[in-house]
Amino acid sequence: MKNKADIAVAGLAVMGENLALNMESKGFAVAVYNRTGARTEAFAGGRGKGRNILPASSIGELCDSLERPRRIMLMVKAGSPVDELIGQLLAHLEPGDIIIDGGNSFFKDTMRRTAELQKKGILFVGTGVSGGEEGALHGPSLMPGGDIRAWEHIRDIFRAISAKAPDGTPCCDWVGPDGSGHFVKMLHNGIEYSDMQMIAEAWELLRRFCRFTPETLAALFEDWNRGELESYLIEITSEILRRKDPETGAYVLDLILDSAGQKGTGKWTAECALDLGTPAATIAEAVFARCLSALREERLAAAEILPGPSVSEAQDGKEFAESVRQALYAAKICAYAQGFQVLRAASLEYNWNLNYGDIALMWRGGCIIRAKFLDDIKRAFAADGDLANLMFDPFFSDALAKAQDSLRKVVAAAAMSGIAVPAFSSALAYYDASRSKRLPANLIQAMRDCFGAHTYERIDRPRGEFFHTDWTGSGSVSATSTNYNR
Ligand code: 6PG
């Protein structure tokens, strides 16, 4: 056993414990600390026993036990616990030491912390960690960003513990400055929300139109997982569909209350998209769908008073199921196109110079949205690093050309049968609006100008020139001067 540890993990909830064990299994000596000392002892004497794990009973002891520069990874709840722990650490650190925040912190907090700690000579890294408990133990996707000077000191550990893509590439690379690592993780979660909502919608459509049994549905998702939809979330869906409750013998899924929870990263993604003026409606719809599901009492009451059509069984279940598969693929492309548009807008706004292809590769393994599909995204950005929209890449425009008809068919069938498919519908609206040469936004501009003299641009004049019409004959001829697009 080494006398000094290579890295410390502070915060021994399940993610912290598993990351520490993962690091140790790759040959690193790991110092561990938890605010409640009993937990540190329980870990060191339990899962960490007989391994190169050095328990510390105080922050001072933790810092003393580390090689220089010290590397300390915080695995505590996002928000004030991170600031409090940083405050305690500062008394024991020296310039050049590294603090890594591995929680789901809001990227603006990470921006602030990077700048504040830089002034004190401490190198701060905010890293996305995805993959849940299993990922943390066996190989998460890691998305570090912050003070670039830290990268050479943490790269070997991070790459060793991270998941590997099928071609062996570590699912971990330096994302960019200040809050970019946490931004990319937040966006990953936003996409995770839309992926999950779309899979749930697909399942609902299959269940109600095709009336398939859970076993047939499980086999269908298994089959989907062998094609272009191959992904972790599709894989676990088929496992979930088959699982029975040992006590009642019922399918577990049938026993679960239809009220979805959320911890807030999807909401942050939608808020950031709004702040950046970027249309990520499918991701936002996935967040709202969870909110609506949580209004269960209201829904039950509304079911008694608001009428709708009934659902008639699809004439050819197999054919309809294939349409749903294609619709899911098309909607997924649209949602990822939105996600990457948000990344692009953030990269421009904050000067992060993000590499979108590398980000796709970081998500290729270990994380919740891992999917074969990300190889195609990587290829699209390798071909054009400044691709404005994923849908414009020839591979994806071709895929959409083939699948868009199924998305229409499925959304129309859902609408006519009164089945809510908010993510599918919004993906279709995004697709159609994005390819429209002329949208009805001219009427919006006219109304804004009519009631508020907000002005408009003209199709027969250069962009940037603004005009006002005295619509009522009694209004002012002068216009309001503030114009903004977001
Ligand atoms: C991951 C997950 C992880 C967490 C989600 C759950 O990448 O490993 O995204 O971060 O499980 O944040 O989020 P909700 O509770 O909001 O669904």
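Things to note:
- Residue within the range 184-193 that is among the aliphatic types (A, V, I, L, M), in contact with a Leu (Cβ under 8 Å, 6 or more places away or on another chain), open to solvent by less than 30 Å² (accessible area, probe 1.4 Å) and over 22 Å from V14 (Cβ atoms) present: yes
- Residues being in contact with a strand residue (DSSP E or B) (Cβ under 8 Å, 6 or more places away or on another chain) and either open to solvent by less than 10 Å² (accessible area, probe 1.4 Å) or modelled with pLDDT under 95 (or both) are entirely absent from the range 416-427.
- Pair list, Cβ < 8 Å and 6+ apart or interchain, from the range 438-452 residues that are free of Cβ contacts under 8 Å to residues at least 60 places away in the same chain to residues that are assigned to a helix (DSSP H, G or I): L439/A433
- One residue from A403, A399, A413 being open to solvent by 20 Å² or more (accessible area, probe 1.4 Å), assigned to a helix (DSSP H, G or I) and at pLDDT 95 or above: A413
- If the condition is being small (G, A, S) and either closer than 12 Å to L89 by Cβ or surrounded by 15 or more Cβ atoms within 10 Å (Cβ to Cβ) (or both), then the range 32-71 contributes A42, A44, G48, A56, S58, G60, S65.
- Scanning the range 1-25 for residues that are open to solvent by 20 Å² or more (accessible area, probe 1.4 Å) and either over 15 Å from G102 (Cα atoms) or not charged (D, E, K, R) (or both) yields M1, K2, N3, K4, A13, V14, M15, E24, S25.
- Close pairs (8 angstrom Cβ cut-off, 6 or more residues apart or separate chains): assigned to a loop (DSSP other than H, G, I, E, B) in the range 27-56, of a type in the set (A, V, I, L, M, F, W, C) and open to solvent by 70 Å² or more (accessible area, probe 1.4 Å) anywhere: A29/M1; N52/M1
- Subset tally (residues that are at pLDDT below 95 and among the acidic types (D, E)) for the range 299-344: 1
- Restricted to the range 258-338, the set of helices (runs of 4 or more DSSP H) holding at least 2 residues that are surrounded by 16 or more Cβ atoms within 10 Å (Cβ to Cβ) and within 16 Å of the ligand (Cβ to nearest atom) comprises 265-276, 281-294.
- Any hit, the range 240-249, residues being on the phi < 0 side of the Ramachandran plot and either within 16 Å of the ligand (Cβ to nearest atom) or under 26 Å from the mean Cα position of the chain (by Cα) (or both): yes
- E271 vs. criteria among the charged types (D, E, K, R) and farther than 30 Å from A401 by Cβ: yes
- Pairs linking a residue in the range 236-253 that is among the acidic types (D, E) to a residue that is open to solvent by 80 Å² or more (accessible area, probe 1.4 Å), with Cβ atoms under 8 Å and 6 or more positions apart or on different chains, are D245/L255.
- The residue that is farthest from E322 (Cα to Cα), counting only those in the range 204-237 that are surrounded by fewer than 18 Cβ atoms within 10 Å (Cβ to Cβ) and of a type in the set (S, T, Y), is T213.
- Residue match in the range 243-254 (condition: basic (K, R), surrounded by fewer than 20 Cβ atoms within 10 Å (Cβ to Cβ), under 15 Å from L328 (Cβ atoms) and touching a Leu at 6+ places or on another chain (Cβ under 8 Å)): no
- Taken as a whole, the range 26-46 holds at least one residue that is over 21 Å from D97 (Cβ atoms) and within 28 Å of the chain's Cα centre (by Cα).
- Listed by position, the helices (runs of 4 or more DSSP H) enclosed by the range 74-182 that each have at least 3 residues that are among the charged types (D, E, K, R) and either open to solvent by less than 40 Å² (accessible area, probe 1.4 Å) or more than 16 Å from the ligand (Cβ to nearest atom) (or both) are 107-119, 151-161.
- Some residue of the range 196-204 being in contact (Cβ under 8 Å) with a residue 12 or more places away in the chain, within 27 Å of L137 (Cα to Cα), within 16 Å of the ligand (Cβ to nearest atom) and in contact with a Gly (Cβ under 6 Å, 6 or more places away or on another chain): no
- Taking the range 356-388 as the range and being closer than 20 Å to R155 by Cβ and in contact (Cβ under 8 Å) with a residue 60 or more places away in the chain as the test, the residues that pass are D358, I359, L361, M362, W363, R364, G365, G366, C367.
- One residue alone among R379, R364, R448, R370 is within 16 Å of the ligand (Cβ to nearest atom) and in contact with a Phe, Trp or Tyr (Cβ under 9 Å, 6 or more places away or on another chain), and that residue is R370.
The values are calculated or read from the model by the stated rules, or taken from the named source; none is laboratory data. Keep in mind it's a predicted model, so treat the numbers as computed, not measured. Neighbour counts are summed over all protein chains in view; Cβ atoms, including those assigned to glycine, are modelled from backbone coordinates with ideal geometry. Calculation scope for accessible area: heavy atoms of the full protein, side chains included, ligands and nucleic acids excluded. Shrake-Rupley method; radii C 1.70, N 1.55, O 1.52, S 1.80 Å.
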